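Student: Submitted below is the structure of interest, expressed as structure tokens.
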Amino acid sequence: MKNELLYKQPKTLLNKGTGFLSGYSHSLNPYTGCAFACSYCYVRGMPVSIFRGQEWGSWVDVKLGAAELLKKELRKAKAKGPVTIFMSSSTDPYQSAEYKEQVTRSLLEAMAEEPPEFLLVQTRSPLVTRDIDLLLRLGSRVRVSMTVETDLDAMRKHFSPMAPPIQARLKALRLLKEAGVPTQAAVAPLLPSSEAFAGKLAPLVDRVCIDDYFMGDGSGGKRTKRLGLETLYTQLGAEEWYEPSAYETVYRQFREVFAEEQLFMSQTGFEP
């Protein structure tokens, strides 16, 4: 899919944390739109996508002057109380546009100068390792949450063919851990995986968050159902993985490898 990059001058960057992100004072999106175009992304069904009149994943808005604007907004927000930021809620901060545009890197530079109380960087891209220098400057105020929905790349190709390979994400987690950056694996949304999954993650992270459509889409799975995801499971003959109870088996497998305090479910795993 060809990506159309458009350049916009945002009026604001920090959005109030609500709903699933109510544990955060703000969310922060360096881009609008996402080239990874994952089949299960709830943003597909939101006004930002629907009213665009273009296929989700085919366009990305690049936010110009983001770092300067963020510094101003951070100073203002910090004067009112503790600032905790979720980056990002409706785009991937390290999608392919970031290689050249470096909006996310500029925002991290701004936050290294004017640190929030806590920053969660949510991504599925190995490009995050490029910014280890800035992540280390934030110390314990930052956590990188790497989406690893499955350990089977065939599943990744089926559900999110435009997203980075699983092996590359695991390597990125290893590099982050070796550098001393706080990390977690977000098995979210849970996709069909092998019994070896937990063992593959064990040496790479100290914590894991497991989430699915029924706990995590904010509507008990209704939002996701509207995206027609069931068909993708039927094509694989893996309908049992599209059940609200599917996570229980995976959780049990992870409990054999991780301690209870290292495992988090849904919203609690993304909290500051």
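The values are calculated or read from the model by the stated rules, or taken from the named source; none is laboratory data. Not measured: the values here are computed from a predicted model. Virtual Cβ from ideal backbone geometry, glycine too; neighbours counted across all protein chains shown.
Student: Quick one: would you say Lys63 is modelled with pLDDT of 95 or more, surrounded by fewer than 21 Cβ atoms within 10 Å (Cβ to Cβ) and over 18 Å from Glu271 (Cα atoms)?
Tutor: Criteria not met by Lys63.
Student: Among what's in the range 1-26 and is out of contact with any Leu (no Cβ under 8 Å at 6 or more places or on another chain) and polar (S, T, N, Q), pick the residue that is modelled with the highest pLDDT.
Tutor: Per the stated criteria, the residue is Ser25.
Student: Checking the condition among the hydrophobic types (A, V, I, L, M, F, W, C) and in contact with a His (Cβ under 7 Å, 6 or more places away or on another chain), which residue from Val148, Val83 passes?
Tutor: Val83
Student: If I filter the range 38-47 down to residues being more than 16 Å from Val60 (Cβ to Cβ) and more than 15 Å from the chain's Cα centre (by Cα), which single residue comes out as surrounded by the fewest Cβ atoms within 10 Å (Cβ to Cβ)?
Tutor: The extreme case among them is Pro47.
Here is a yes/no grid of residues against (1) part of a helix (DSSP H, G or I); (2) closer than 19 Å to Ser125 by Cα; (3) in contact with a helix residue (DSSP H, G or I) (Cβ under 8 Å, 6 or more places away or on another chain); (4) without any contact (Cβ under 8 Å) to a residue 24 or more places away in the chain:
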position	(1), (2), (3), (4)
Ser194	no, no, no, no
Cys209	no, yes, yes, no
Arg252	yes, no, no, yes
Val257	no, no, yes, no
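Student: Which one of these does Pro272 not meet: (1) in contact with a Lys or Arg (Cβ under 9 Å, 6 or more places away or on another chain); (2) of a type outside the set (A, V, I, L, M); (3) part of a strand (DSSP E or B)?
Tutor: (3)
Student: Of the residues Glu117, Glu109, only one is of a type in the set (Asp, Glu), surrounded by fewer than 23 Cβ atoms within 10 Å (Cβ to Cβ), out of contact with any Leu (no Cβ under 8 Å at 6 or more places or on another chain) and at pLDDT 95 or above; which?
Tutor: Glu117
Student: Has the range 6-22 got at least one residue that is under 22 Å from Ile132 (Cα atoms) and among the aromatic types (Phe, Trp, Tyr)?
Tutor: No, every residue in the range 6-22 fails to be under 22 Å from Ile132 (Cα atoms) and among the aromatic types (Phe, Trp, Tyr).
Student: I'd like to know if the range 39-53 contains one or more residues that are touching a Pro at 6+ places or on another chain (Cβ under 9 Å), within 27 Å of Leu134 (Cβ to Cβ) and not β-branched (Val, Ile, Thr).
Tutor: Scanning the range 39-53 turns up no residue that is touching a Pro at 6+ places or on another chain (Cβ under 9 Å), within 27 Å of Leu134 (Cβ to Cβ) and not β-branched (Val, Ile, Thr).
Student: Okay, next question. Under the condition of being small (Gly, Ala, Ser) and buried (at least 19 other Cβ atoms within 10 Å of the Cβ), which residue from the range 18-37 is farthest from the chain's Cα centre (by Cα)?
Tutor: Ser25
Student: Here are some conditions: (1) more than 21 Å from the chain's Cα centre (by Cα); (2) modelled with pLDDT under 95. Gly216 meets all but one. Which one does it not meet?
Tutor: (1)
Student: Are there any strands (runs of 3 or more DSSP E) wholly within the range 6-63 with 2 or more residues that are over 19 Å from Lys76 (Cβ atoms), and if so which?
Tutor: Output list reads 59-63.
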